[in-house]
Amino acid sequence: MNITLIGFMGSGKTTVANALSQQLEIEQNDLDEMVLQRTGLTIPEYFEQYGEAKFRKLEMDNLQLALATGGILSTGGGTPMQANNFKLIQEANTATVFLNAQDNTITHHLIHDGIEERPLFKQLGIDGIIKLKHERQLTYEQLADVIIDVDHKSPELIVNELMEKL
Ligand code: SKM
């Protein structure tokens, strides 16, 4: 079974992917984690050294690799915003699940994780990041086969809901 998780940063894609992978005993890939595996750099370090444009190229390359591998995939928050990536996911043999979170859920998670973890959060601040979230909403909805509202739900509950809807 192939499942691709999409959604804004802080919506819980990585956590839900881990839970899904454990429950279904299917391999899992995380696009942001692949940057670290392939370059030895964290996302903030990569942004700092190479900038966002290079990051987007690497992200597309990683997406192609991960979709070819199959299994559970958690994407980066901005992955579907590149037209090429949108098409790659749309045409891949995968169920695409949008983890939809309210603004205050995202704010809470981002502040909890810390500004250093998220270069765009650092650049844009909280107002800018929420504006970006609104700009992206329609693209996530258009790409999704299934939409799950994640607010106030445990990863287990989200996984159960997801399995029912697939
Ligand atoms: O992929 C990382 C990176 O920080 C960019 C990003 C975004 O554009 O929303 C989200 C993160 O998952």
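Tabulated values for the structure
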read-out: Within a Gaussian network of the chain (alpha carbon springs, distance under 10 Å), most fluctuating of Thr79, Thr15, Thr39; value: Thr39
read-out: R0 of 30 Å, Cβ-Cβ distance His108-Gln64: FRET efficiency to nearest 0.05; value: 0.35
read-out: Amide H partners (placed H, <5 Å) of Asp30, local residues excluded; value: Ser74
read-out: Positive minus negative residues near Glu116 (Lys, Arg vs Asp, Glu; Cβ under 14 Å); value: -2
read-out: The chain - mean residue ellipticity at 222 nm from DSSP helices (-39,500 (n - 2.57) per run, n ≥ 4, rounded to 500); value: -20500 deg cm²/dmol
read-out: Where GluC sites (Glu not before Pro) in DSSP loops with at most 13 other Cβ within 10 Å are excluded, longest remaining stretch of the chain; value: 28-166
read-out: Under 13 Å, Cβ to Cβ, from Ile72 - net charge with Lys/Arg +1 and Asp/Glu -1; value: -3
read-out: Cβ-based exposure ranking for Asp32, Asp149, Asp127, in which fewest neighbours within 10 Å come first; value: Asp127, Asp149, Asp32
read-out: Residues Phe86 and Asp127, FRET efficiency given R0 of 35 Å [Cβ-Cβ distance, rounded to 0.05]; value: 0.85
read-out: Net charge of neighbours whose Cβ lies under 13 Å from the Cβ of Asp61, counting Lys and Arg as +1 and Asp and Glu as -1; value: +3
read-out: Cα centroid separation, the range 1-59 to the range 105-132 (Å); value: 17 Å
read-out: Among beta bridges that DSSP assigns inside the chain, antiparallel share in %, nearest 5; value: 0 percent
read-out: At 1.567 mPa s and 4 °C, Stokes D of the range 106-166 from Kirkwood alpha-carbon radius, µm² per second; value: 96 µm²/s
read-out: Across Lys87/Lys133; Lys54/Lys133; Lys54/Lys153; Lys87/Lys122, pairs whose alpha-carbon gap is larger than 24 Å; value: Lys54/Lys153; Lys87/Lys122
read-out: Karplus 3J(HN,Hα) series, Hz, for the range 117-129 with 6.51 cos²θ - 1.76 cosθ + 1.60 (x for Gly, Pro); value: 6, 10, x, 6, 4, 5, 6, 9, x, 5, 5, x, 6
read-out: Under 5 Å, built H, 5+ apart or other chain: amide partners of Thr4; value: Leu73, Ala95, Thr96, Val97
read-out: Residue order, fewest to most surrounding Cβ atoms within 10 angstrom, among Ser21, Ser154; value: Ser154, Ser21
read-out: When the convex hull of its Cα atoms is projected in every direction, mean area for the chain (nm²); value: 8.7 nm²
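Values in this text are rule-based calculations from the coordinates and carry no lab data. Everything quoted here is computed from the prediction, not taken from an experiment. Note that each Cβ is placed from the backbone with ideal geometry, even for glycine, and that neighbours are counted across all protein chains shown.
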